[in-house]
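Visitor: One structure, as structure tokens, below. Some questions next.
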Amino acid sequence: MAPPPATTPAITAEGIGHAYADGRKVLDRLSIEVPAGRFFIIIGPNGSGKTTLLKLMARLLTLQEGRIAIMGRAVSRYGARRLARAIAYVPQSVPTTFAFTVAQVVMMGRAPHLGMLGIEGAADLEIGREAMAMAGVAHLADRRLDRLSGGERQRVSIARAICQQPRIMLLDEPTATLDPAHQVRVMDLMERLGREQGLTVVMVSHDLNLAAMYADQVLLLNQGRTAGLGPPSEVLDCARLETVYGCPLLVDQSPLGNYPRVHLVPGRHLKP
Amino acid sequence: MIPTVSRLGPRLAAVLLVLTAALILACYVGLAAGPAGGGFRMIVQSLTGHPENQLLHDIIWHLRLPRVLLAALLGATLSLGGLVFQALLRNPLAEPYILGVSGGAAIGAIIGILLGLAHFPGIWVMAFAGSLATLGVLFFVAADRSMLRAESLLLSGVMINAFCGAVIMFLISMAHDSRLHNIIFWLMGDLSNATLSNVAALAATVAPCFVLIFARSHAMNLLALGSDMARSMGVDVRAVTVLLLIVTSLMVSAAVSYCGLVGFVGLVIPHLLRLVLGPDHRVLVPACILGGASFMVLCDVLARTLPPQGEIPVGVISAMIGAPLFIYLLRRTRKV
């Protein structure tokens with residue numbers, strides 16, 4: 001069932017570090033490798049550097065320290081359009097200053113494949129339709145983005161990224177604003193794109209159980225360093241999670257299969 | 001299923017057709033309006049070089065035509081300038097006049113006038129330098145993230161504008177001779193000394209700018225989703241932003257150096273067109289050029305014909321229409 005091992009990793013990061021202007025370290029000599037075609041989920045407490053790592057991979061932030069390679073080639077050596085054909089990025093939220101429709105936003109994903117004026121051909125429109133259908137926003141095609149709910153906008157953002165036809169998709173908490181049905185639908189979709197098209201998915205998430213059920217590999221970040229890297233069954237270890245998150249947790253096995261299941265523990269259940 | 005994006009070509013053609021017709025109509029009104037009168041036949045005869053009435057022919061060629069063309073170029077430039085600023089700052093209330101960029105150009109131009117420089121290139125270069133300087137200050141004050149907030153950006157613009165106003169007053173108080181009258185009239189937005197050679201020089205400056213901006217219109221669409229999004233879709237955000245800002249201040253300062261301070265056109269026209277045509281900049285860029293030109297030609301007709309004697313500066317007309325609309329828009333954005 002697992003995709004065949006690819007020779008070149010999708011993303012290699014070696015000794016990357018990043019600090020804010022005030023000198024506070026967000027990432028500290030971090031080294032990871034994301035194998036091609038795998039589902040890679042980054043978890044960790046607030047401020048542990050998850051989004052920064054994602055933005056460095058997408059070259060939305062300038063690398064201060066270390067090296068990042070995308071499919072074996074230094075990220076700095078990509079041209080803007082070539083990088084955009086390799087990587088799509090789904091941010092936590094998208095501004096809606098101007099009243100673009102869903103279809104218009106989704107079709108913008110074709111930009112790195114088109115000329116300067118972004119004039120789409122029939123094939124591009126077909127790709128856009130398919131992307132909207134996959135993300136479950138086809139029925140919203142003519143609606144204005146600024147009149148949609150947060151969850152609907154998030155799915156539009158995912159449709160746009162699919163329309164971009166990247167080799168790697170980076171998503172920053174894509175399920176945070178979604179209802180349970182759409183959470184599962186988005187995760188299933190990413191899993192399917194990985195299986196069928198060899199898409200590499202790197203996702204930042206706060207949902208440890210989604211990470212447990214979908215990830216091939218989990219990266220647990222704590223204060224900019226690796227606190228765990230490997231399959232969910234190894235990383236989602238109760239003692240390790242409790243140390244990193246600084247709260248009591250309960251981890252057992254999911255009745256659905258061989259994944260760990262993480263429970264939050266309400267304060268009233270703790271011994272005084 | 002994807003109607004709004006699948007037909008860019010026909011959609012653009014339809015918009016161009018309607019707005020070109022509007023511009024031709026506006027130009028006709030502009031050529032026909034005036035105390036000496038003028039009918040359709042007369043204007044056509046005059047423009048094709050077979051006049052019956054030599055006096056009216058001269059009026060049309062030497063007074064009305066340059067003026068109509070200058071107004072059209074001014075309106076096109078200022079509307080497009082507003083559109084570009086709104087896209088880059090992701091703020092529908094941004095406009096060169098409101099943000100003080102026109103004011104900076106005016107300071108440069110007034111210094112040029114006081115130094116007795118030639119209109120082209122002397123005053124224009126000074127105006128360009130002035131607009132770039134205010135743009136620099138604007139970016140420094142409302143840097144990066146806070147730039148997205150309407151209030152901080154507009155407040156910076158208001159302050160820069162106030163400062164420019166003070167400098168302009170200071171410069172005026174230093175002028176004593178005939179230049180004083182020139183400066184004051186020019187400041188209010190004055191088209192009365194239009195000549196065909198002025199028009200040609202301005203057209204030669206702004207036309208390449210229009211082309212460059214249209215070439216970046218799709219990048220402006222992507223920028224509307226935020227600079228991270230634009231970058232992740234292959235836009236070289238810094239290069240596009242710098243190019244658009246410089247090209248825009250270049251053409252706006254050229255227009256300001258010929259026509260003085262005319263405000264709010266860059267707000268009114270892009271806003272109305274966006275309401276009707278949607279936010280796609282590939283349509284809005286040509287639409288703003290044609291729509292802004294038509295609007296300004298008609299404003300100038302009002303400026304020439306409303307008062308029984310003499311004329312009102314065209315900047316007064318555009319501000320009287322634009323400022324109330326600005327307040328209305330500001331109120332509406334607050335409510336959302």
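Visitor: Where both residues lie in the protein assembly as shown, what percent of DSSP beta bridges are antiparallel, nearest 5? Let's see the in-between values first.
Guide: Values: 24 of 41 bridges.
Taking every DSSP beta bridge within the protein assembly as shown, about 60 percent pair in antiparallel fashion.
Visitor: Which far-off residues, 5 or more places away or on another chain, put their amide H under 5 Å from the one on A:ALA99, with H placed in the peptide plane?
Guide: none
Visitor: Any idea what the alpha-carbon Rg over 2.2 N^0.38 Å comes to for the range B:15-139?
Guide: Values: Rg = 19.0 Å, N = 125, 2.2 N^0.38 = 13.8 Å.
Here the Cα radius of gyration is 1.38 times the empirical estimate.
Visitor: Now, a different point. Residues with amide H under 5 Å of A:ALA227's amide H, sequence separation 5 or more or different chain, H placed in the peptide plane at 1.01 Å from N; which?
Guide: Those qualifying (amide H under 5 Å, at least 5 residues apart or on another chain) are A:LEU220, A:LEU221, A:ASN222.
Visitor: Mind putting together the pair-distance distribution for chain B? All Cα pairs, 10 Å bins, whole percent per bin, short to long.
Guide: So the P(r) values, bin by bin, are 6, 26, 34, 23, 9, 2, 0.
Visitor: Convert each backbone phi in the range B:123-136 into a coupling constant with the Karplus relation 6.51 cos²θ - 1.76 cosθ + 1.60 (shift: θ = phi - 60°), then list the ³J(HN,Hα) values in order as whole Hz, x for Gly and Pro.
Guide: 5, 5, 4, 4, 5, 4, 4, x, 5, 5, 4, 5, 4, x
Visitor: Same structure again: Evaluate peptide A:155-165: per residue, the Cβ atoms of other protein chains within 10 Å of its Cβ; return the mean as an integer.
Guide: Numbers: counts 0, 0, 2, 0, 0, 4, 3, 0, 1, 3, 0.
Neighbouring Cβ atoms belonging to other protein chains average 1 per residue here.
Visitor: Which residues' amide hydrogens lie under 5 Å from the amide hydrogen of B:ILE98, considering only partners 5 or more residues apart or on another chain, with H built in the peptide plane?
Guide: Distant-sequence amide H within range of B:ILE98: B:PHE264.
Visitor: Now for a different question. Per residue and in Å³, how big is the convex hull formed by the alpha-carbon atoms of the range B:272-315?
Guide: Values: hull volume 2.9 nm³, N = 44.
Given the Cα convex hull of the range B:272-315, per-residue volume reads 65 Å³.
Visitor: Percent of accessible area on the range B:5-335 owned by carbon and sulfur, 1.4 Å probe?
Guide: Values: 9830 of 13690 Å².
Carbon and sulfur atoms account for 72 percent of the accessible area of the range B:5-335.
Visitor: Here's another thing I want to ask about it. Taking 8 Å as the Cα distance limit and 6 or more residues as the minimum spacing, I'd like the relative contact order of the range B:5-335 as a percentage.
Guide: Values: 476 pairs, mean separation 100.3, N = 331.
In percent, rounded to a whole number, it is 30.
Visitor: Quick one, what does Rg over Rh come out to for the range A:168-210 if you take C-alpha atoms and the Kirkwood Rh? All intermediate terms of the calculation are to be shown ahead of the outcome.
Guide: Numbers: Rg = 10.2 Å, Rh = 10.6 Å.
My calculation puts Rg/Rh at 0.95.
Visitor: Using the Karplus curve 6.51 cos²θ - 1.76 cosθ + 1.60 with θ = phi - 60°, what ³J(HN,Hα) values do you get for each residue of the range B:217-224, in whole Hz, with x for Gly and Pro?
Guide: 5, 6, 4, 5, 4, 5, 5, 5
Visitor: Here is a further query. Could you report the buried accessible area between B and A, both sides summed, computed with a 1.4 Å probe and given in Å² to the nearest 100? List each step's numbers first, then the result.
Guide: Numbers: alone 15610 and 13740 Å², together 26310 Å².
Between B and A, the summed buried area is about 3000 Å².
Visitor: If you take every residue apart from A:VAL251 with its C-beta less than 10 Å away from the C-beta of A:VAL251, what net charge results, scoring Lys and Arg +1 and Asp and Glu -1? Mind showing how you got there, number by number?
Guide: Details: positive: A:ARG240, A:ARG261; negative: A:ASP237, A:GLU242, A:ASP252.
Net charge in that neighbourhood comes out at -1.
Visitor: List the aspartates and glutamates whose alpha-carbon lies under 19 Å from that of A:LYS25, not counting same-chain residues fewer than 8 positions away?
Guide: Within reach: A:GLU14, A:GLU65.
Visitor: Translational D (Stokes-Einstein, µm²/s) of the protein assembly as shown at 4 °C and 1.567 mPa s when Rh comes from the Kirkwood sum over C-alpha pairs? Walk me through the numbers before you get to the answer.
Guide: Numbers: Rh = 27.0 Å.
Estimated via Stokes-Einstein, D reaches 48 µm²/s.
Visitor: A further question follows. Where only protein heavy atoms count, and the probe is 1.4 Å, what is the accessible area per residue for the protein assembly as shown in Å²? Display every interim value, and only then the final one.
Guide: Details: 26310 Å² over 608 residues.
So the protein assembly as shown comes to 43 Å² accessible per residue, rounded to a whole number.
The values are calculated or read from the model by the stated rules, or taken from the named source; none is laboratory data. All figures in this text were calculated on a predicted structure; none of them were measured in a lab. No Cβ is skipped: glycine too gets one built from the backbone with ideal geometry, and neighbour counts run over all protein chains shown. The protein model used for the area step is the full one, side chains on, heavy atoms only, and it has no ligands, DNA or RNA in it. Shrake-Rupley method; radii C 1.70, N 1.55, O 1.52, S 1.80 Å.
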